[in-house]
Amino acid sequence: MSVEFTFVPQDHEAETAASSPGAFFFDPAATRITLSRAAEAGFHQVLIDDSVGVLGNIDLAGTVGRIATVGRIAYPLGVLLTHWAGALSPVVAANTLAGLDAKLGGNLSLRILGDGGDEGQADEAASLRHAAAWQRTDEYLTLLRQLWSNASPLDHEGRFYSVQAGALDRGGGQPLDIPIRMSGLSGTALHVAGRHADMFELSAGSITEAKLLIERIREAGARHGRADKIGFALRIHVSDRKFETEQGSHASAGRSALSLLPYIDAGVSEFMVSGISGETSFERFSQWIAPLQRSWRSERLANTGATPFSAVRLRL
């Protein structure tokens, strides 16, 4: 198993346009420097998740590709693109995303949102809307993957989409497999994720909640013969002196990285890291990961039957 880190340019809770995630990409020179620092610090991809919408996020992903090309970043970052069903037809989306993946050198991943609403809504109408949104997402992702893998044109009549002779413009090329990331808490969301997700983004902040959610998604994946095909990612926030999980628990700088070890033991193979911007914070991040690497080695070798460190690679 490898442990990887995704760079989140800004906190999604930003309140002003000037500090929104998208604004990060509108200064090419500064963005080029930051992405270079992120690559050198050990991040393997950058998240694009802005309020500009599906097409705007696709444009921002293209911007990252151009910046990386012009800047000749030594270790080009992959792009994790937030996307959702409904804004584009499956055929248009399949072609657009295939073209973007080619421009990014095959380094595109999709972070699929479902209904975008509050899964805690209890009224019947909200539950029906929630279920329908996830069913549309299910059909959308099924069509995307069929379009990317089929050598011949596709015909489809479903509840949400109708496709006649749908195909990629490249026609007859090699099958395309763009990794899919999903999240959710409801049974409907987990069912769809179990069918489609290559990576599942955990919403739980505590290790107990994370373990329970990992167990649920593995059970959902097993129903589709995919129990061992789904990885897990966890969002963390880094400040000058601590790591914080999404729900706010934290540790001092000396123990912050070590607090991630139980999540790795539970199955987390990626951390989505927000709160890092300047050169100093990138350097501190690299320094904090070093004890995580050492402790993982010591703990695995000390425990009988544990996975030896040689099977775990931290990309730094």
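The values are calculated or read from the model by the stated rules, or taken from the named source; none is laboratory data. Note that this is a predicted model, so its numbers are computed, not measured. Cβ placement follows ideal geometry from the backbone for every residue including glycine, while neighbour counts extend to all protein chains displayed.
Descriptive notes on the structure:
- When region 39-70 is filtered for residues that are outside any helix (DSSP H, G or I), of a type in the set (A, V, I, L, M, F, W, C) and either at pLDDT 90 or above or farther than 24 Å from Ser89 by Cα (or both), the ones remaining, listed by number, are Phe43, Val46, Leu47, Ile48.
- Within the set Ile178, Ile230, the sole residue that is within 24 Å of Asp101 (Cβ to Cβ), of a type in the set (Val, Ile, Thr) and touching a residue at least 60 places away in the same chain (Cβ under 8 Å) turns out to be Ile178.
- For beta carbons closer than 9 Å, sequence separation of 6+ or different chains, a first residue in region 144-170 that is part of a loop (DSSP other than H, G, I, E, B) and a second that is of a type in the set (Lys, Arg), the qualifying pairs are Arg159/Arg136; Phe160/Arg136; Tyr161/Arg136.
- Flag for Arg300 being modelled with pLDDT under 95, in a strand (DSSP E or B) and of a type in the set (Lys, Arg): no
- Residues (surrounded by 21 or more Cβ atoms within 10 Å (Cβ to Cβ) and free of Cβ contacts under 8 Å to residues at least 40 places away in the same chain) located in region 199-212: Phe200
- For Asp115: the one exception among (1) surrounded by 15 or more Cβ atoms within 10 Å (Cβ to Cβ); (2) at pLDDT 80 or above; (3) under 25 Å from Ile217 (Cα atoms): (2)
- Annotation note: of Glu124, Glu219, the sole residue that is at pLDDT 95 or above and farther than 23 Å from Thr6 by Cα is Glu219.
- Residue within region 182-198 that is assigned to a strand (DSSP E or B), crowded, with 19+ Cβ neighbours inside 10 Å, touching a His at 6+ places or on another chain (Cβ under 9 Å) and not polar (S, T, N, Q) present: yes
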